[in-house]
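To keep things clear, I will list the structure first and then write my remarks on it.
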Amino acid sequence: MRLDKYLKVSRLIKRRTLAKEVAAADRVEVNGRVAKPATDIKPGDKITLRYGNRTLTVEVVNIAENARKNEASGMYKVLGETSTTPTE
């Protein structure tokens, strides 16, 4: 499955167009490498998202073409989350 579609279906990002923009801006890594929207995602991959002052790392648990809201969080396992506060 494409990275942008996975981010949308898993609800890590709400819209596919936004997922595509975030990946195109080099703010998504898959297995430690900068990933483009068309990067192929498979179970076991580690995805790191950087948006705003937040960094989220998840591991892909399963792939589903469609997922209901209550099923979406089962598609990944959160490995880490950090938030940096802007310094003044």
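The values are calculated or read from the model by the stated rules, or taken from the named source; none is laboratory data. In this text the structure is predicted, and so the values were computed from the model without any measurement. Backbone-built Cβ (ideal geometry, glycine too); neighbour counts: all protein chains shown. Please note that ligands, DNA and RNA were not included when accessible areas were found on the heavy atoms of the full protein model with its side chains. Shrake-Rupley method; radii C 1.70, N 1.55, O 1.52, S 1.80 Å.
Structure above, values below:
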| item | result |
| --- | --- |
| Residue 63/residue 83 FRET efficiency (R0 35 Å; Cβ-Cβ; nearest 0.05) | 0.80 |
| Whole-angstrom Cα spans of the chain along principal axes, big to small | 43, 24, 23 |
| Environment charge of residue 64, counting only residues whose C-beta is closer than 12 Å and scoring Lys/Arg +1, Asp/Glu -1 | +2 |
| Proximal lysines relative to residue 69, as straight alpha-carbon distance under 22 Å, when same-chain residues fewer than 8 apart are discounted | 5, 8, 14, 20, 42, 46, 77 |
| Cut-off 15 Å between beta-carbons: net charge of the residues surrounding residue 74, Lys and Arg +1, Asp and Glu -1 | +1 |
| Amide N of the stretch 1-15 lying under 13 Å from the label point, which is placed 7 angstrom from the Cα of residue 51 along Cα→Cβ | 4-15 |
| Within the accessible area of the chain (1.4 Å probe), percent carbon and sulfur | 49 |
| Average accessible area per residue (Å²) across the stretch 9-88 - probe 1.4 Å, nucleic acids and ligands excluded | 67 |
